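The values are calculated or read from the model by the stated rules, or taken from the named source; none is laboratory data. Keep in mind the model is a prediction, meaning the values are calculated, not measured. Here Cβ is always computed from backbone atoms with ideal geometry, including for glycine, and neighbour counts include all displayed protein chains.
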């Protein structure tokens, strides 16, 4: 019987994770590193990124912290340059940076509207624009690369007072379907994940009383998903054979009805 340890399935790959300072992004970065990928973690909070990198390196992995706001196009392009120079270029981009700020439209919370659109849509596009050339190049060399975007079940279902947030996530899902057709022939797989309720910092940003009451009530009726649940799903997508592309994946708490 062989006693050799099997190679880690993502050895030799380079993953970039946005929104990596907490929650789903943090858990996914650590899990991808456990699977063997070198990971660049990107977010605004340098101290949190340093902690993530330290844990990955302590476990024997390779990680690079890049402090940047994805809404700043120049900063994201500079981040892509660093990934190319220091890690050899990305072949997996997990776009996870985002914010959820529900409120009745009649409140005219225009600053919150803009923040959600800027981060969930413009920030997403900045990362896609900066890293797609690296993904295409890597796919040409190794036969596969991955672009994975965090959408939400809100992209499909209707939730009162979540109109702007839901619309931004519908953008993410529909964009991903189009990009799959565009990039698939170049061996870049594109996936949109649509989680239900996940226990992260996302809920701590909510200020609307009605939404807060709904979220608090949901804790009494269901067990929320954890960031690790989503991280393992990201790892599963990335480890599939190159011929397999999970285009759209909904991940729900078992007891969440919609």
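Taking the stated definitions as given, is residue 69 more than 21 Å from residue 188 (Cα to Cα) and assigned to a helix (DSSP H, G or I)? When the stated conditions are applied, residue 69 does not pass them.
Within the set 154, 138, the sole residue that is farther than 15 Å from residue 94 by Cβ and surrounded by 22 or more Cβ atoms within 10 Å (Cβ to Cβ) turns out to be 154. Filter the range 74-88 down to the residues that are more than 14 Å from residue 63 (Cα to Cα) and either touching a residue at least 60 places away in the same chain (Cβ under 8 Å) or touching a helix residue (DSSP H, G or I) at 6+ places or on another chain (Cβ under 6 Å) (or both) and list them by number. Residues satisfying the conditions are 76, 77, 80.
Of the numbered criteria (1) in contact (Cβ under 8 Å) with a residue 40 or more places away in the chain; (2) surrounded by 15 or more Cβ atoms within 10 Å (Cβ to Cβ); (3) under 23 Å from residue 33 (Cα atoms), the one residue 229 fails is (1).
Take the range 83-128 and flag every residue that is in a helix (DSSP H, G or I) and either modelled with pLDDT under 95 or touching a strand residue (DSSP E or B) at 6+ places or on another chain (Cβ under 8 Å) (or both). The answer is 83, 86, 87, 105, 106, 107, 123, 124, 127, 128.
Test residue 185 against the criterion of being surrounded by fewer than 18 Cβ atoms within 10 Å (Cβ to Cβ), within 14 Å of residue 92 (Cα to Cα) and modelled with pLDDT of 95 or more, and give yes or no. No: the conditions fail for residue 185.
For the range 134-148, residues that are free of Cβ contacts under 8 Å to residues at least 24 places away in the same chain and either in contact with a helix residue (DSSP H, G or I) (Cβ under 8 Å, 6 or more places away or on another chain) or under 25 Å from residue 169 (Cβ atoms) (or both) total 0.
Tallying residues that are within 18 Å of residue 131 (Cα to Cα) and surrounded by fewer than 21 Cβ atoms within 10 Å (Cβ to Cβ) within the range 188-201 yields 0.
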